[in-house]
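Let me begin by presenting the structure, written as structure tokens, before commenting on it.
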Amino acid sequence: MRPDIDLRSFLDTRGAAILLILSLIAVVGFAALGGLIQPALMPEGTSDVSFTVFFLTLPLSLIIPVITVLMTAGEWSDQSIQNTLLQRPGRLSVLTSKVLATTVVFLVLVAFSFGLAAATTWIGGELMGEGAVFSTFDEVLTSHLPLLVATLLFSLAMGIVLQSTVLGLVAAIGAPFVITTAGVIAMALGSDLVSDIVRALDLQTAAMTLAAGDGTAFDLLPLLLLVIVPTVVGIRRWAVREVG
Amino acid sequence: MTSTTPSASAGPTLEVRGVTKRYGARAAVDDLSFVCRPGTVTGFLGPNGAGKSTTLRILTGLARADEGEALVGGAPYRSLSHPARTVGVMLDARALHGGRTGLETLRLTARTVGMPASRADEVLEMVGLQGAGGKRVGGYSYGMRQRLGIGVALVGDPAVLILDEPANGLDPEGIRWMRRLLRSFADAGGTVLLSSHQLREVEATVDRLVVISQGRLVREGTLEELTSESGTRVTALDPTALRTALDKHGIAYEPRSETELEVSLVPEDMGRLALREQLVLTSLGASKGNGLEEVFFALTGQLEAPPAAAEAENQPAPAPIR
């Protein structure tokens, strides 16, 4: 396994440089929006770290799928997988290596974002407002972080199974949006059956429920349907798909 | 000082043994066997769709054979511990990432295959791209991509080279450069297998030839053997019956005039065939040695002249002639 090679091969392209610059601008912008402007909007005049991180999850919900799908499926789309597999013919080893490299990028991105959220919350609360609130940090860990982890897992599964940048991005970004919308419609309809179907596919809600310790066996269903099954199918496809 | 010669004194042998690959009902490669030995440049020839690229992909582990095996030094490509240090491969220059510079492409390859970063600069100079190393591959011409692709193949200092249509897009100077590169590589004990459509280029570069058609081997031998061997020029009282008999037995032929055919059989075998099919031959004789182009067209049943193209389309796959 060579995750260092996969990291470098992703980072040294012009597309990745543009993506990372745009991502940085978005993360800094949303962190500033959440942390610095919050005191002016909140009745108490405080800045709450949980609220700042909530703001940050908006761009991260787009950035994480884009980076993840590009890192796992990008080489299939631009055909450079041919050279990769000629130099590293162990296909499952290459796949594992890419997953590791993607996870490292995710961890760095999330750590940077949370650090930035804490900094802007402190600046906004202590220097510009009536105080910074950090006591809600467990909410960050039980609510926002699981949501981001769910986004990573689903994006990985889509990248692995679809092996196409376009299809992977459409699925990884579009499916959660469709499921959330379907959830709202199901609630409006009041149908238990439709609600259960949507719940069985709502990975993000299931992730938050499980992280809060309130999960049941049913909450594992989205993980099975949206992550485990596509990943297993994708690993099989990765191992046998012909190149060229 | 740069090196294009393989590190090993004698490179591994490439061996394709009874390889068959089917896509649905169609056999892209059909029981194909041949060997490429160290110190030789082997040309892999065949018309479009003959199965050359499929064979090369099987040989390099990018596709799996349904039957048979393809070996590099006695082992499948995928089981080699450092494949890129043993075999340099260039199958498709478009497979290079367009968003990376030429130098970065080579540096990344060097790092992947465990070579020092300085090897990238060395190879960049070797392939004549030292002036374009900082330019993104997306802005390269096809010929420059071909050179870079060959450079990627050479980074690991391999003892074997497998190249698919390496001369495509190269200018005359580039073709001469490639010819020298492959010659010196083989002369130093390396093994080279290259496929190409550019028959005159192949003729000037290779020692041995493997000719396939419709996935099957139709001829294997040295360049001298193939080009010095004669086919047979034959005319018959009933030219239609002659063609029908040749088609029936899958023998490749090419019209030389309205009545005369050049057949890929020796005169003796042509005589036997005529006897068996009860054909009256009006002339039969060995033709003189041909150039590679004529040999290729005769062996693969492809016709060079447009007026005869319609007849060529109706020809079945030629029978192997060993």
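Assorted remarks:
- For the pair A:Ile228 and B:Glu67, a Förster radius of 35 Å applied to the C-beta separation gives a FRET efficiency near 0.50, rounded to the nearest 0.05.
- Loss of accessible area when A meets B, both sides summed, Å² nearest 100, probe 1.4 Å: 2500 Å²
- Over all pairs of different C-alpha atoms, the stretch A:3-240 has a mean inverse distance whose reciprocal, the Kirkwood radius, equals 19.0 Å.
- Against the rule of thumb 2.2 N^0.38 Å, how large the Cα Rg of the protein assembly as shown comes out: 1.28
- Average silhouette area of the stretch A:8-63, convex hull of alpha-carbon atoms, in square nanometres: 4.2 nm²
- Between helix B:267-277 and chain B: long-axis angle, C-alpha atoms, 0 to 90°, nearest 10: 50 degrees
- For the stretch B:14-225, the fraction of 1.4 Å probe accessible surface lying on carbon and sulfur atoms is 46 percent.
- Counts of other chain beta carbons within 10 angstrom of each beta carbon in peptide A:13-25 average 2.
- Equivalent ellipsoid semi-axes, the stretch B:173-301, via Cα gyration tensor eigenvalues times 5, rooted, Å: 35, 13, 12
- Taking 7 Å steps out from each Cα toward its Cβ at A:Ile185 and B:Glu258 produces label points 7.4 nm apart.
- Based on the Kirkwood approach, the hydrodynamic radius assigned to the stretch B:14-225 is 17.3 Å, with every pair of different Cα atoms included.
- Qualifying aspartates and glutamates (Cα of each under 14 Å from Cα of A:Lys98; at least 8 residues distant if same chain): A:Asp4, A:Asp6, A:Glu75
- Computed E for B:Arg78/A:Leu220 - FRET, C-beta separation, R0 35 angstrom, nearest 0.05: 0.45
- Distance from the Cα centroid of the stretch A:115-142 to that of the stretch B:108-152 is 49 Å (rounded to whole angstrom).
- Among the helices of chain A, those built from whole DSSP H runs whose Cα atoms reach 18 Å or more along their own axis and whose mean Kyte-Doolittle hydropathy is at least -0.5 are A:14-41, A:49-77, A:91-122, A:145-162, A:165-189.
- As a ratio to 2.2 N^0.38 Å, the alpha-carbon radius of gyration for the stretch B:230-288 is 0.94.
- Acute angle (nearest 10 degrees) that the helix B:239-248 long axis makes with the longest principal axis of chain B, alpha-carbon atoms: 50 degrees
The values are calculated or read from the model by the stated rules, or taken from the named source; none is laboratory data. Bear in mind that the values here come from a model prediction, so they are computed numbers and not experimental data. Note: ideal-geometry Cβ built from the backbone for every residue, glycine included; neighbour counts use all protein chains shown. Areas reflect the complete protein model, heavy atoms only, side chains present, ligands, DNA and RNA absent. Shrake-Rupley method; radii C 1.70, N 1.55, O 1.52, S 1.80 Å.
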